[in-house]
1. If only one of D92, D86, D21 is at negative phi, surrounded by 12 or more Cβ atoms within 10 Å (Cβ to Cβ) and at pLDDT 80 or above, which one is it?
2. Going by the structure shown, is I81 closer than 30 Å to S11 by Cβ, at pLDDT 75 or above and hydrophobic (A, V, I, L, M, F, W, C)?
3. Take the residues in segment 1-18 that are modelled with pLDDT of 70 or more and among the aliphatic types (A, V, I, L, M); name whichever of them is surrounded by the fewest Cβ atoms within 10 Å (Cβ to Cβ).
4. Can you find a residue that is polar (S, T, N, Q) and either at pLDDT below 75 or not in a loop (DSSP other than H, G, I, E, B) (or both) anywhere in segment 34-49?
Amino acid sequence: MVGPVPGKKYSEITFPNLSPDPATKKDVHFLKYPIFLGGNKERGQIYPDGSKSKNTVSNATAAGIVSKIIIKYKGGYEITITDASDGRQVVDFIPTRPELLVSKGE
């Protein structure tokens, strides 16, 4: 088991395979065995700082009206929600990649 590893740094991974040398040991015979490899990019996890990875659904932390949407420079959104009853504002951060389904005023 390997991972999680950053894809940009580890675009190739070599798995060592130890086997006897048939040149030194004549009674060694080999069979063909399948090897299964799999990968999973982003599993939908929550990081220690509370941020969510890219495959999760982001729910609003407060009920109210979307008063401001800022598209972040490195991706993602900063959404300000204003509570209609008391005017309190809450800012939610949406990571890169999810499609934003709300608009200002909703």
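1. One residue alone meets the criteria, D92.
2. no
3. L18
4. Looking for residues that are polar (S, T, N, Q) and either at pLDDT below 75 or not in a loop (DSSP other than H, G, I, E, B) (or both), one finds at least one in segment 34-49, hence yes.
The values are calculated or read from the model by the stated rules, or taken from the named source; none is laboratory data. Treat the numbers as computed from the prediction; the structure is a model and nothing was measured. Because the Cβ atoms are built from the backbone with ideal geometry, glycine has one as well, and the counts that use them run over all protein chains shown.
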